[in-house]
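S.K.: One structure is given below, represented as structure tokens, and several questions about it will come after.
The values are calculated or read from the model by the stated rules, or taken from the named source; none is laboratory data. Treat the numbers as computed from the prediction; the structure is a model and nothing was measured. Glycine gets a Cβ as well: all are built from the backbone with ideal geometry, and neighbour counts include every protein chain shown. Keep in mind that these areas ignore ligands, DNA and RNA; they rest on the heavy atoms of the full protein, side chains included. Shrake-Rupley method; radii C 1.70, N 1.55, O 1.52, S 1.80 Å.
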Amino acid sequence: MKFLINPNKFNKFTDIIIKPLYLLSAICLVVGLLFSLYLSPNDYQQGSTVRIMYIHVPSAWLALLIFFIMTIYSIVGLAFKIPFAFIVNTAIAPIGTIFTIICLITGSLWGKPMWGTWWVWDARLTSVAILLLVYLIIVFINYSFTKIELKEKIVAIFIIIGSINLPIIKFSVDWWNTLHQPASISKFSSPSIDIAMLIPLLIMTLSFALIAVLISILRIKYEILSRKDKIS
Amino acid sequence: MTLRFQRLLLILLSLLFLLSAILLILFNSKKNIVFFYTPSELLENNVELNKTIRIGAFVQKGSFKKIADRTYEFNLSDKKNFIKVMYTGFLPDLFREEQGAVIEGILISKKLIKASTVYAKHDENYMPNSIKKSLELNEYWQRKY
């Protein structure tokens with residue numbers, strides 16, 4: 001697992017897996033879209049509007065997951081002085097930002113027909129909006145310093161502070177009365193979502209994750225190259 | 001303990017303190033963060049009349065009445081208490097009896113509210129339409145929402 005903290009090992013490892021990854025993510029996305037648009041049934045309450053879920057939920061999960069990964073890399077990077085951790089932080093922040101935007105837009109499009117409103121200031125929606133702001137600030141800091149060592153540390157500290165938002169997003173629907181419904185899938189109980197709808201959701205999540213990994217690899221490689229360029 | 005583990009400990013501790021500070025703020029301002037009150041919470045708390053407030057609960061079965069064109073009347077109930085709602089305007093697609101709804105409006109008394117907006121609230125259960133139909137055929141459909 002050295003490739004997670006060593007740029008040379010990372011380059012070697014990802015050169016092997018990147019081509020199968022292209023193929024796999026393409027297949028997954030096609031199969032997932034087929035399932036979610038044609039093969040999955042209509043919901044008993046929401047009709048075919050439920051299909052927005054297959055985009056909305058995976059992008060929300062990935063937005064949170066990417067921030068979580070950045071938090072781990074920030075803590076490890078600051079504590080053990082690993083430069084590769086900061087390279088990863090710089091590379092994957094925009095990906096998380098895009099997933100947060102997708103999540104907010106699809107959620108809005110889903111909310112209008114179902115709830116009767118594009119946007120309300122309930123705890124879940126507000127905390128995700130704050131997540132987007134934190135992501136944007138991280139991306140902006142990444143582009144606004146000339147001293148890389150200083151920038152990296154500020155970004156890492158900001159990510160650690162921003163990570164407080166993650167449990168708040170996750171548990172907001174349980175702690176407070178919100179318009180957003182609570183989680184359908186949790187570890188401790190059987191999912192309250194039918195298997196015919198769970199399968200497309202999981203395939204879409206897998207394909208979104210694969211695409212995120214793919215773009216991350218390309219961006220991290222680019223970041224490694226550009227830093228080597230600056231040093232030499 | 002080496003220097004790097006001291007740094008790790010410091011970062012984790014400061015994260016913990018910051019987290020507890022934020023959670024303390026959030027939990028102590030719970031009244032302002034909740035999106036809506038349930039009818040029971042409304043009775044328990046001191047809520048000023050003639051102010052805008054949001055109330056969420058289930059639409060009581062058999063209480064929905066159409067008074068005039070786009071003017072409706074229904075009860076919101078959380079099984080213990082209920083509140084009567086008067087509303088003029090459009091209802092969202094998902095609005096129906098025994099479904100969750102959140103309304104925003106001016107509180108006239110603790111048992112009557114004049115709504116200006118109605119949101120439908122849906123729950124976390126997803127099920128194919130065909131299964132619901134076959135369940136109904138077998139009279140196995142018992143979930144009440």
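S.K.: At pLDDT 90 or above, within 14 Å of another protein chain (Cβ to nearest Cβ) and open to solvent by less than 30 Å² (accessible area, probe 1.4 Å), is that true of A:Leu201?
M.R.: It is true that A:Leu201 is at pLDDT 90 or above, within 14 Å of another protein chain (Cβ to nearest Cβ) and open to solvent by less than 30 Å² (accessible area, probe 1.4 Å).
S.K.: Still on this structure, I have one more. What is the one condition in (1) within 14 Å of chain B (Cβ to nearest Cβ); (2) at pLDDT 90 or above that A:Trp115 does not satisfy?
M.R.: (2)
S.K.: Which condition from (1) away from every other protein chain (no Cβ under 14 Å); (2) open to solvent by less than 20 Å² (accessible area, probe 1.4 Å); (3) in contact (Cβ under 8 Å) with a residue 12 or more places away in the chain; (4) farther than 30 Å from B:Ile103 by Cβ is the one that A:Thr71 breaks?
M.R.: Answer for A:Thr71: the failing condition is (1).
S.K.: Separate question: Go through (1) at pLDDT 85 or above; (2) assigned by TED's automatic domain parsing to the domain that holds B:Ala101; (3) more than 20 Å from A:Val173 (Cα to Cα); (4) not hydroxyl-bearing (Ser, Thr, Tyr) for B:Gly56 and report which single condition fails.
M.R.: In the conditions (1) at pLDDT 85 or above; (2) assigned by TED's automatic domain parsing to the domain that holds B:Ala101; (3) more than 20 Å from A:Val173 (Cα to Cα); (4) not hydroxyl-bearing (Ser, Thr, Tyr), B:Gly56 misses (3) alone.
S.K.: Continuing with the same structure: Residues in the stretch A:123-171 that are part of a helix (DSSP H, G or I), closer than 18 Å to A:Thr90 by Cβ and either more than 10 Å from every other protein chain (Cβ to nearest Cβ) or acidic (Asp, Glu) (or both): how many?
M.R.: 20
S.K.: Of everything in the stretch B:22-54, what is in contact (Cβ under 8 Å) with a residue 24 or more places away in the chain and either in contact with a Gly (Cβ under 8 Å, 6 or more places away or on another chain) or among the basic types (Lys, Arg) (or both)? Give them in sequence order.
M.R.: B:Phe35, B:Phe36, B:Thr38, B:Lys51, B:Thr52, B:Ile53, B:Arg54
This table checks each residue for (1) open to solvent by less than 10 Å² (accessible area, probe 1.4 Å); (2) in contact with a Leu (Cβ under 8 Å, 6 or more places away or on another chain).
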position: A:Pro83; (1), (2): no, no
position: A:Val88; (1), (2): yes, no
position: A:Ala91; (1), (2): yes, no
position: A:Gly96; (1), (2): yes, yes
position: A:Gly107; (1), (2): no, yes
position: A:Val128; (1), (2): no, yes
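S.K.: Going by what's in this entry, would A:Ile161 be described as surrounded by fewer than 18 Cβ atoms within 10 Å (Cβ to Cβ) and touching a residue at least 24 places away in the same chain (Cβ under 8 Å)?
M.R.: no
S.K.: Tally up the residues in the stretch B:13-26 that are open to solvent by 80 Å² or more (accessible area, probe 1.4 Å) and either on the phi > 0 side of the Ramachandran plot or at the interface with chain A (Cβ under 8 Å from one of its Cβ atoms) (or both), please.
M.R.: 0
S.K.: Out of the residues in the stretch B:31-43 that are under 20 Å from B:Asp78 (Cα atoms), in a helix (DSSP H, G or I) and not aliphatic (A, V, I, L, M), which is nearest to the other protein chains (Cβ to nearest Cβ)?
M.R.: B:Glu41
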